[in-house]
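*Asks:* Quick one: structure below, then a few questions.
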Amino acid sequence: MKKRRPITDEDILLTEALIAGSYARMKLSVVEAPSQILLGSLGKTVRDHPLASAAAAGGAGLLLYGILDQMNRHSAAKEENVKRMSRPDMTTELLLQIIPLVSPYIAGYLEKAIRSKA
């Protein structure tokens with residue numbers, strides 16, 4: 001068996017310091033990793049296609065608003081036992097009238113962006 005030098009208090013303190021530093025670096029990387037992944041790929045896409053990203057975000061927002069509005073409207077109807085359907089609110093009516101006007105412009109922009117990248 002090989003002879004080893006005895007372990008001193010300095011060795012223990014150095015080992016504890018190394019473990020604490022390693023743990024701190026691991027904790028930092030675990031906290032920063034999701035944001036780096038998200039900002040890396042998503043950020044590059046947004047920088048490359050800013051208007052398409054804005055249009056997609058706006059469309060997703062309108063869709064989510066419509067879904068939530070429908071859910072709230074149906075739950076309120078159930079609570080009040082309303083027999084007839086209520087008329088859509090003014091915001092929904094405006095959105096339904098604006099979407100056909102805006103969609104050709106968005107489609108044209110997306111088509112230009114795709115052709116310029118190809």
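We did not get these values from a lab; they are worked out from the coordinates using the rules stated. All values reported here derive from a predicted model rather than from experimental measurement. Positions of Cβ are generated from backbone atoms using ideal geometry, with glycine treated the same way; all protein chains shown enter the neighbour counts.
*Asks:* Multiply the residue separation of residue 113 and residue 53 by 0.36 nm, subtract the distance between their alpha-carbon atoms, and state the gained length in nm to one decimal.
*Replies:* Computed gain between residue 113 and residue 53 is 20.4 nm.
*Asks:* Now a separate question. What is the spin-label model distance, in nm, from residue 12 to residue 30 if the labels are put 7 Å beyond Cα along the C-beta direction?
*Replies:* 2.6
*Asks:* Output ³J(HN,Hα) for segment 18-29: one whole-Hz value per residue in order, computed from phi by the Karplus curve 6.51 cos²θ - 1.76 cosθ + 1.60 with θ = phi - 60°, and x for Gly and Pro.
*Replies:* 3J(HN,Hα) across segment 18-29, in whole Hz: 5, 5, 5, x, 5, 5, 5, 5, 5, 4, 5, 5.
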